[in-house]
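The values are calculated or read from the model by the stated rules, or taken from the named source; none is laboratory data. Because the structure is a prediction, the values reported are computed rather than measured. Please note: Cβ atoms are built from the backbone with ideal geometry, for glycine as well, and neighbour counts cover all protein chains shown. Keep in mind that these areas ignore ligands, DNA and RNA; they rest on the heavy atoms of the full protein, side chains included. Shrake-Rupley method; radii C 1.70, N 1.55, O 1.52, S 1.80 Å.
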Amino acid sequence: MTESPSGPVLLIGADPYVLRACEEHGIEAIVLYGSYLRDSGLPKLPNCATPVFAENHQDPESILAALHRRGLGRIHPAGVYTSVEFAVTNAAVLASLYDCVSVDPHTMIALRDKSVQKRLIREAGIPVADLHVIEDIHQLSDDFALPFDRGVLKPVAGGSTALTSTVTCLSDVFDASRRYRERRTSWRTFAYESFVSGEEWFVDGYVVGGKPVFWSLGTYNEPCLSLIENAVPAVMRRFDPAEDADRFALARPVVEAALQALGLNQSVFHMELFHDLETGQIAFGECAARRGGGLVQEEVHCKFGVDLAAAGLLCAIGRNPEQRVTVRPDVVGTALFPPQPGTLLNSPTAAEMLQFPGVEFATMEMPIGTTPGTRDSGTHQGAVVLAAPSVAEFDKRVDEVRSWNAERTTVLPPGLRKKEVKQWQRRIWPDRDFDNPLYSPARDRQR
């Protein structure tokens, strides 16, 4: 790493927490945003941030052209940073171009491409799934054979478990190939991995000088893929360093060895692990050079007092985050509200959610009128961070807040005919008359 000159940081995407960190640390920012944020709306930007529209924020040419159009092409940024999974390699390439502090682009490829990543992990002697690359899922050869019987099919550089499925026989792969070809998916190179069972754990933290300075450990109520395929609402819970010291001790050598094998030197990271309940073995799942999605930011801040967004920003400009860890004794975790099929007509607000016992943070992601599309780990109606004095009380509050939300959420089911919609309206709003009246003269109506 080389020290970069003082200047604004280039931010790819408009992460509100990173923007807040820029304001708090007195860092000027150039916010590069693409078509999605142009259409969905930028968050409120602090005075230290200058927005620059780039058609494709995942493409270096698009970003460089946008900067040059604004007369900013020859600036000397302090760093380039993003919390967007699909833009991390782009950020590393741009940082290298500007000679900033950065994760090496070759290292970043190992953090993005699952085949490269797991080869390095396997070479380091860390337990990990076997992996076979399918170069083009749209064009499987007729003689394609499964390298192992049960496995998981996923894009080799995807995210949020999108287009991820379990495979139990050869026809599953050919069926997926046909579906993705018909949908003309942009992801075409896929990984076929051997199935790894056990509890799925996750790690969130940051590394400085090649060593994890802070890392937290947690678990899902079920592995991510099972949650998606079985339509089970996701719950994440942070382990406590004291109460769950044995789990931290099991995970530590794998976390440290994996970060070393991948060459991640200075960055936030999100890692997935699998804990075999019978043998106690910890196997590596995946690792990304960005903070975890969902409510990881809020959850970690609530449990440990650590601001991962600020840590990632400071790492990207070569500064040590030096954050003080204060462990909250409560059980802290996240409950997601899965979207109900149909059109959302009404739901509680985040402010109303905060009035519920134990809710530390709430967000409602789906605006009124939303019709959810494909389901993945990033699609949900909303989510809350909950705190409770025990695991049992935490689980109870998860059930209670979900029931509370469901009672106050109105969704028009999909596929109803006009008659059925009218019947549904009468059931939901029995005090309203949706029948069409017959005309009568005004004088008759006045009688």
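Estimated at the nearest 10 Å², the accessible area of residue 22 is 0 Å² with a 1.4 Å probe.
Name the residues whose placed amide hydrogens come within less than 5 Å of the amide hydrogen of residue 216, ignoring near sequence neighbours (fewer than 5 apart) on the same chain. Long-range HN contacts for residue 216: 204, 205.
Axis of helix 88-97 versus longest Cα principal axis of the chain: the two differ by about 40°, to the nearest ten degrees. Placing a label point 7 Å from the Cα of residue 390 along the Cα-to-Cβ direction, no residue of segment 276-316 has a backbone N closer than 15 Å.
With all protein chains kept in place, the per residue accessible area of the chain amounts to 49 square angstrom at a probe of 1.4 angstrom. Around the amide H of residue 137, modelled in the peptide plane, lie the amide H atoms of 189, 190, all under 5 Å away and 5 or more residues distant in sequence or on another chain. For the chain, relative contact order (Cα pairs under 8 Å, six or more residues apart, normalised by length) works out to 12 percent. Relative to the longest principal axis of the Cα atoms of the chain, the long axis of helix 245-262 makes an angle of roughly 60 degrees. In this structure, the amide hydrogen of residue 411, modeled 1.01 Å from its nitrogen in the peptide plane, lies closer than 5 angstrom to those of 345, counting only residues at least 5 positions away or on a different chain. A simple rule links phi to the HN-Hα coupling: the Karplus curve 6.51 cos²θ - 1.76 cosθ + 1.60 with θ = phi - 60°, which for segment 183-199 gives 7, 6, 4, 6, 7, 10, 8, 10, 10, 10, 10, 5, 6, 10, 9, x, 5 Hz, with x for Gly and Pro. Once the Cα atoms are used to define both axes, helix 114-123 deviates from the longest principal axis of the chain by about 40 degrees. What residues of segment 72-91 lie in the reach of a label at residue 109, counting those whose backbone N is under 14 Å from a point 7 Å from the Cα along Cα→Cβ? In segment 72-91, the label zone of residue 109 (backbone N under 14 Å from the point 7 Å along Cα→Cβ) covers 89-90.
Among the protein heavy atoms of segment 226-356, carbon and sulfur supply 49% of the accessible surface, probe 1.4 Å, non-protein parts ignored.
Accessible surface of residue 111, taken over heavy atoms with a 1.4 Å probe and every protein chain present, rounds to 10 Å².
Backbone geometry of segment 46-62 corresponds, through the Karplus equation with coefficients 6.51, -1.76 and 1.60 at θ = phi - 60°, to 3J(HN,Hα) couplings of x, 4, 7, 10, 10, x, 9, 7, 10, 3, 9, 6, 9, 10, x, 4, 4 Hz, x marking Gly and Pro.
Taking 0.36 nm per residue of separation and subtracting the current Cα-Cα distance, fully stretching the chain between residue 171 and residue 55 would add 37.8 nm. A probe of 1.4 angstrom, applied to the heavy atoms of all protein chains, finds residue 424 with accessible area near 20 square angstrom. Pair-distance distribution of segment 81-214: all C-alpha pairs, bin width 10 Å, starting at 0; shares per bin in whole percent are 11, 35, 33, 17, 5. Legend: residues 366, 271, sorted from most to least accessible area (1.4 Å probe; ligands, DNA and RNA excluded), read 366, 271.
Between residue 184 and residue 243, what FRET efficiency follows from the Cβ-Cβ distance if R0 is 41 Å, with the result rounded to 0.05? Between residue 184 and residue 243 the formula returns 0.25.
As a fraction of the 1.4 Å probe accessible area of segment 21-172, surface on carbon and sulfur atoms comes out at 48 percent.
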